[in-house]
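One structure is given below, encoded as structure tokens.
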Amino acid sequence: MALYRPLAAAIAFCGLLAVPALGQPLANPVATFAGLDKITGRITRFDVYVDETVLFGALEITPRACYNRPSSDTLQRTSAFLEVDQLSLDGSSERIFTGWMFADSPALNAVDHAVYDVWLIECKTSTNVPPPADR
């Protein structure tokens, strides 16, 4: 019995080496979204810098983080944490969404609004839109 313990330990150690390591997410400064106006049927694609707030219809969209993972990962490869507020006619706003959105599964955590749909397309390192500080 004592002879098998070192062999069992060696097999267990080799088994740990066979488990693939998950790649670390890569932070990106720009999130690309698509938005649908359900009244007009128009789909708009737009880039937003992390921590920048943009207006899409009556929605204020602010991505707080945008990550990519290597394509070899089985996890959601592109994800963004965002906050979405709805503006009312009197100028006040109400938070209607806070959470992670996944490009691979847009319906998993969707912005639930009667007039607008917004979903994540990709996270990227650059865009032709000037940064907020340069506008």
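First obtain the Kirkwood hydrodynamic radius of region 65-135 from its Cα pairs, then insert it into the Stokes-Einstein equation at 20 °C and 1.002 mPa s, and state the resulting D in µm² per second as a whole number.
Details: Rh = 14.1 Å.
D = 152 µm²/s.
Karplus couplings for region 83-93 from phi (6.51 cos²θ - 1.76 cosθ + 1.60, θ = phi - 60°), rounded to Hz, Gly and Pro as x?
Rounded to whole hertz, the list is 10, 10, 10, 9, 8, 9, 5, 7, x, 7, 10.
Could you pull the accessible area for residue 77 with a 1.4 Å probe, rounded to 10 Å²?
90
From the backbone phi of region 97-111, what are the Karplus-calculated ³J(HN,Hα) couplings (6.51 cos²θ - 1.76 cosθ + 1.60, θ = phi - 60°) in whole Hz, Gly and Pro given as x?
Listing the rounded values in order: 7, 9, x, 8, 10, 10, 5, 6, 9, x, 7, 5, 10, 9, 6 Hz.
If each of residue 127 and residue 108 carries a label point 7 Å out from its Cα toward its Cβ, how far apart are those two points in nm?
2.2
If amide hydrogens are placed 1.01 Å from N in the peptide plane, which non-local residues have theirs closer than 5 Å to the one on residue 58?
Residues meeting the amide H criterion: none.
Quick one: 3J(HN,Hα) in Hz for region 54-59, Karplus 6.51/-1.76/1.60 with θ = phi - 60°, rounded, Gly and Pro as x.
10, 9, 10, x, 9, 10
Give the relative contact order (percent, whole number) for region 25-132; include only Cα pairs under 8 Å separated by 6+ residues. Kindly include the intermediate steps, with their values, before the conclusion.
Details: 254 pairs, mean separation 32.8, N = 108.
Relative contact order of region 25-132: 30 percent.
In a shell of Cβ-Cβ distance under 12 Å around residue 103, excluding residue 103 itself, what net charge do Lys and Arg (+1) and Asp and Glu (-1) give? Write down the numbers at each step before the final one.
Details: positive: 69, 77, 124; negative: 104, 122.
Once all neighbours under 12 Å are counted, the net charge is +1.
What's the local net charge at residue 54, with K and R +1, D and E -1, over the other residues with C-beta under 11 Å away?
Numbers: positive: none; negative: 47, 52, 60.
Spelling it out: positives minus negatives among the neighbours equals -3.
Which whole-number percentage describes the relative contact order of region 37-76, with Cα contacts under 8 Å and a sequence gap of 6 or more?
Working: 26 pairs, mean separation 10.9, N = 40.
Reported relative contact order: 27 percent.
Order 56-62, 107-113, 80-86, 92-98 from most to least packed using the mean count of other Cβ atoms within 10 Å. Could you put the intermediate results ahead of the total?
On the way: 56-62: 18.6, 107-113: 13.9, 80-86: 20.1, 92-98: 12.3.
Answer by packing, highest mean first, reads 80-86, 56-62, 107-113, 92-98.
Skip the ligands, DNA and RNA, and give the accessible area per residue of region 28-135 with a 1.4 Å probe, whole Å².
Values: 6000 Å² over 108 residues.
So region 28-135 comes to 56 Å² accessible per residue, rounded to a whole number.
The values are calculated or read from the model by the stated rules, or taken from the named source; none is laboratory data. Since the structure is predicted, the reported quantities are computational estimates derived from the model, not experimental observations. In this analysis, Cβ positions are derived from the backbone assuming ideal geometry, glycine residues included, and neighbour counts consider all displayed protein chains. Please note that ligands, DNA and RNA were not included when accessible areas were found on the heavy atoms of the full protein model with its side chains. Shrake-Rupley method; radii C 1.70, N 1.55, O 1.52, S 1.80 Å.
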